[in-house]
Amino acid sequence: MTAAAPGVFEGSKAVFRREGVLGTLRSAWDVLKAKRQLRAAQEVGWVRLGGSAVVRNSGTMRFGDRVRLNGRIVPLQFTCHRGGYLEIGDSTFINYGADIAASWAVKIGKRCNIGQFAIIIDDDYHDVDDHTAHGKVAPVIIEDDVWLGARVTVLRGSRIGRGSVVAAHAVVMGEIPPYSLAAGVPAKVVRRLRGGEAAGEAAADLPLDS
């Protein structure tokens, strides 16, 4: 008999301490759903999935431990095209309707919060001048403790530094420095943030449907 992965065991104990027996049962059900619906991924840690997710994987897809996915209102979408790489770090929360796709590489760090209907893509898909030609591709990196508001779009070649917050409806088209508040189209730094690490650590304790 194969032993349970350490992350699964530790995650179950944490839920029991916080939510009791009923919460642990609900959590176990969400973990089983995640294992089933994310089975196309190469690696799935202790992941909780509320609702549903659509997964298309022709590359390499990894989900870390204590990842929380809320697809209850609108399903989540995760796509990894041939040769692409998609990684979601430990303790990251992704809200309903989010669409994440990798043709080259999309890496989301630990303890991130991704708002509802966010779009994260590393591929233009179509050339601007010639709609029959394929667009440009460049990796997307979202570092640890980043918060993306509702309907944020992150486009190819973007890098969002650790502890940054991107306001709702913003479009990221480049680099956002660490511990910055960015807003607008295209997103620009509005001000620098302090205490970003503490805010990011607190995000790990948010409930699945926050």
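Condition check: crowded, with 21+ Cβ neighbours inside 10 Å, among the small types (Gly, Ala, Ser) and either in contact with a strand residue (DSSP E or B) (Cβ under 6 Å, 6 or more places away or on another chain) or on the phi < 0 side of the Ramachandran plot (or both). Does Ser103 satisfy that? Show your work before the answer.
On the way: crowded, with 21+ Cβ neighbours inside 10 Å: yes; among the small types (Gly, Ala, Ser): yes; either in contact with a strand residue (DSSP E or B) (Cβ under 6 Å, 6 or more places away or on another chain) or on the phi < 0 side of the Ramachandran plot (or both): yes.
Yes; evaluated as a whole, the condition is true for this residue.
Looking only at the range 56-75, filter to residues that are surrounded by 20 or more Cβ atoms within 10 Å (Cβ to Cβ) and either among the basic types (Lys, Arg) or in contact with a Phe, Trp or Tyr (Cβ under 7 Å, 6 or more places away or on another chain) (or both); which one of those is nearest to Ile121 (Cα to Cα)? Give the derivation first.
First pass over the range 56-75, keeping only residues surrounded by 20 or more Cβ atoms within 10 Å (Cβ to Cβ): 61, 63-64, 66-71.
Filter again for either among the basic types (Lys, Arg) or in contact with a Phe, Trp or Tyr (Cβ under 7 Å, 6 or more places away or on another chain) (or both), leaving 61, 66, 68, 70-71.
Details: Met61: 14, Arg66: 23, Arg68: 20, Asn70: 19, Gly71: 19 Å.
The extreme case among them is Met61.
Screening the range 99-123 for residues that are outside any loop (DSSP other than H, G, I, E, B) and among the acidic types (Asp, Glu) and picking the one that is farthest from the chain's Cα centre (by Cα) gives Asp123.
Taking the range 46-98 as the range and being over 14 Å from the mean Cα position of the chain (by Cα) and basic (Lys, Arg) as the test, the residues that pass are Arg56, Arg72, Arg82. In summary, Leu69 fulfils each of the numbered conditions (1) touching a helix residue (DSSP H, G or I) at 6+ places or on another chain (Cβ under 8 Å); (2) at pLDDT below 95; (3) of a type outside the set (Lys, Arg) with the single exception of condition (2). With respect to Asp130, is the statement that it is without any contact (Cβ under 8 Å) to a residue 24 or more places away in the chain, out of contact with any Lys or Arg (no Cβ under 6 Å at 6 or more places or on another chain) and over 25 Å from Arg56 (Cα atoms) true? Yes.
The values are calculated or read from the model by the stated rules, or taken from the named source; none is laboratory data. Here the structure is a predicted model, which means the values were calculated and not measured. Every residue, glycine as well, gets a Cβ built from its backbone with ideal geometry; the counts of neighbours run over all protein chains shown.
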